[in-house]
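I have placed the structure first, in the form of structure tokens, so that the comments after it can refer back to it.
The values are calculated or read from the model by the stated rules, or taken from the named source; none is laboratory data. Please read all numbers here as calculations on a predicted model, not as lab measurements. All Cβ positions, even for glycine, are placed from backbone atoms using ideal geometry, and neighbour counts span all protein chains on display. We work out accessible area using only protein heavy atoms, side chains counted, and drop any ligands, DNA or RNA first. Shrake-Rupley method; radii C 1.70, N 1.55, O 1.52, S 1.80 Å.
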Amino acid sequence: MWFDDIAKVEEPGPGELMLFTRGIEACFGFVLEQRQEFAFLWEDEPELWELAQDTYRNDVRPAAGRMRDVIGKIPAPLLDQHGLRNRPLKFKLRVLNSIANRWRRIQEQFKAGTLRRMLAAREWFKKVVEAIDAVLDSLIEAAGGAGGLIKEFKDALRALA
């Protein structure tokens with residue numbers, strides 16, 4: 001879905017990290033657009049959905065852009081130290097892609113009536129944000145804190161799940 005192309009790269013590096021941030025934006029955008037599928041996030045306070053959309057659009061997306069500006073300036077040894085190049089990054093990206101792509105299978109099972117919708121969506125969401133963290137935490141640290149708002153937004157959504 002959002003990480004297919006970068007998960008196929010044999011020796012990923014800064015370019016794939018930039019695309020990773022775009023994948024995060026697309027993933028969060030998807031969750032916010034699919035209000036019914038992810039209604040469990042807003043069930044206690046429906047007005048949070050609109051606030052989340054505003055925050056995503058006006059704060060998170062610009063923070064991702066600023067993070068992309070910094071990624072190209074991170075020294076290679078620092079990327080290596082945080083597992084943000086080559087084999088370690090390849091592994092993290094493939095795990096993330098595998099989990100993200102489970103959504104397609106979940107949708108098929110919903111249609112067939114073999115899966116409880118809310119429980120499956122909630123579990124998928126929790127797993128995908130954990131997999132995002134495997135890269136995002138290291139990237140924020142290597143980038144000197146750039147993109148921290150992305151993580152905080154993700155953490156707030158995760159807390160609602």
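Screening the candidates Ala120, Ala156, Ala161, Ala134 for the property of being within 14 Å of the chain's Cα centre (by Cα), aliphatic (A, V, I, L, M) and closer than 19 Å to Met1 by Cβ yields one hit, Ala134.
Of all the residues in region 116-151, those that are farther than 25 Å from Pro12 by Cβ and open to solvent by 60 Å² or more (accessible area, probe 1.4 Å) number 5. Could you please give the count of residues in region 99-112 that are touching a residue at least 12 places away in the same chain (Cβ under 8 Å) and either out of contact with any helix residue (DSSP H, G or I) (no Cβ under 7 Å at 6 or more places or on another chain) or loosely packed, with under 15 Cβ neighbours inside 10 Å (or both)? So the answer is 2. Would you pick out the residues in region 134-154 that are in contact (Cβ under 8 Å) with a residue 12 or more places away in the chain, assigned to a helix (DSSP H, G or I) and not aliphatic (A, V, I, L, M)? Passing the criteria: Asp137, Ser138, Glu141, Gly148, Lys151, Phe153, Lys154. Would you mind stating whether Leu79 is more than 29 Å from Glu10 (Cα to Cα), in contact (Cβ under 8 Å) with a residue 24 or more places away in the chain and either open to solvent by 70 Å² or more (accessible area, probe 1.4 Å) or among the hydrophobic types (A, V, I, L, M, F, W, C) (or both)? For Leu79, the condition - more than 29 Å from Glu10 (Cα to Cα), in contact (Cβ under 8 Å) with a residue 24 or more places away in the chain and either open to solvent by 70 Å² or more (accessible area, probe 1.4 Å) or among the hydrophobic types (A, V, I, L, M, F, W, C) (or both) - is not met. Cβ separations smaller than 9 Å between residues 6+ apart or across chains give the following pairs from region 1-29 residues that are within 17 Å of Lys154 (Cα to Cα) to residues that are open to solvent by less than 10 Å² (accessible area, probe 1.4 Å) and charged (D, E, K, R): Ile24/Lys154; Phe28/Lys154. Scanning region 5-54 for residues that are in contact with a helix residue (DSSP H, G or I) (Cβ under 6 Å, 6 or more places away or on another chain), open to solvent by less than 60 Å² (accessible area, probe 1.4 Å) and not hydrophobic (A, V, I, L, M, F, W, C) yields Pro12, Pro14, Glu16, Thr21, Glu25, Glu37, Gln53. From the list Arg57, Arg87, the lone residue that is surrounded by fewer than 16 Cβ atoms within 10 Å (Cβ to Cβ) and farther than 23 Å from Gly148 by Cβ is Arg87.
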